[in-house]
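Step one of this worksheet: look at the structure below.
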Amino acid sequence: QRCSALRILYVQKDVEKKVQEMLTGAMKELQLGNPWSIATDVGPLIDAEAQDAIGGYCREMEARGKVVAKLDAPEGGRFVAPHVISVRGMEEVEREVFGPVLHVATFAADKIDAVIGAINARGYGLTFGLHTRIEGRAQHFVDDIHAGNIYVNRNQIGAVVGSQPFGGEG
């Protein structure tokens, strides 16, 4: 439940299968449990209301056939298991889900401007991250994305309090 956590991942179609395999493999390594344990990757949600809302959203997406991968939640506590949900794009994500839910959309390499337009039109704008080896593509996104924080080829969470500005638009 971190404000800068990744909520939607756009993946270029030609690497979709490889990324999905890596993502599913990484999910299987996650440890869910007590947040005081150093081994825990995913702890409980903040309250019962968040658990009900996010759990209900995940059940709805599963009923619609949108869940690509999920883990099992621990018994007891306010847990919602991590879910990967397939979407057409940002326009299909009706609200921000502050929990262990990742939406994944694919795009054709020549449709970059449509991706930028969809992201900007949604109105979210705290954090944006991009991974690419193409310098011109990175600059294109940096110039055109409406976000308070833009990270290129690095983790998108972890701004150092008091040292790095943190804020967004949207």
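The values are calculated or read from the model by the stated rules, or taken from the named source; none is laboratory data. These figures come from a predicted structure and were not determined experimentally. Note that each Cβ is placed from the backbone with ideal geometry, even for glycine, and that neighbours are counted across all protein chains shown. Calculation scope for accessible area: heavy atoms of the full protein, side chains included, ligands and nucleic acids excluded. Shrake-Rupley method; radii C 1.70, N 1.55, O 1.52, S 1.80 Å.
Below are the figures for this structure:
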{"item": "Within region 17-170, percent of DSSP bridges classed antiparallel, to nearest 5", "result": "25 percent"}
{"item": "Helix-derived mean residue ellipticity, 222 nm - over the chain, DSSP H n ≥ 4, -39500 (n - 2.57), to 500", "result": "-9000 deg cm²/dmol"}
{"item": "Cα-based reach from LYS13 at 16 Å (exclusive), listing aspartates and glutamates while leaving out same-chain residues under 8 positions away", "result": "GLU21, ASP110, ASP113"}
{"item": "Residue among LEU130, LEU102, LEU23 with the largest mean-square fluctuation in a Gaussian network model of the chain, springs linking Cα atoms under 10 Å", "result": "LEU23"}
{"item": "Prolate/oblate/rounded label for region 21-67 (Cα gyration tensor, a/c 1.5)", "result": "oblate"}
{"item": "Debye, to nearest 20: dipole size of region 26-122, +1 on Lys, Arg Cβ, -1 on Asp, Glu Cβ", "result": "200 debye"}
{"item": "Exposure of VAL68 as accessible area (Å², to 10), given a probe of 1.4 Å and all protein chains", "result": "70 Å²"}
{"item": "Magnitude of the charge dipole, region 1-41, Cβ model with Lys/Arg +1 and Asp/Glu -1, debye to 20", "result": "120 debye"}
{"item": "Those lysines that a straight Cα-Cα span of less than 18 Å connects to LYS17, excepting residues fewer than 8 apart in one chain", "result": "LYS28, LYS66, LYS70"}
{"item": "Quarter of Cα convex hull surface for the chain, i.e. mean projection, nm²", "result": "10.8 nm²"}
{"item": "Within the accessible area of region 26-103 (1.4 Å probe), percent carbon and sulfur", "result": "49 percent"}
{"item": "Point-charge dipole on Cβ atoms (K/R +1, D/E -1) for the chain, about Cα centre, debye to 20", "result": "300 debye"}
{"item": "Contact order normalised by residue count of the chain, Cα under 8 Å, 6+ apart, percent", "result": "22 percent"}
{"item": "Cα gyration tensor category, rounded, prolate or oblate, for region 44-136 with a/c compared to 1.5", "result": "prolate"}
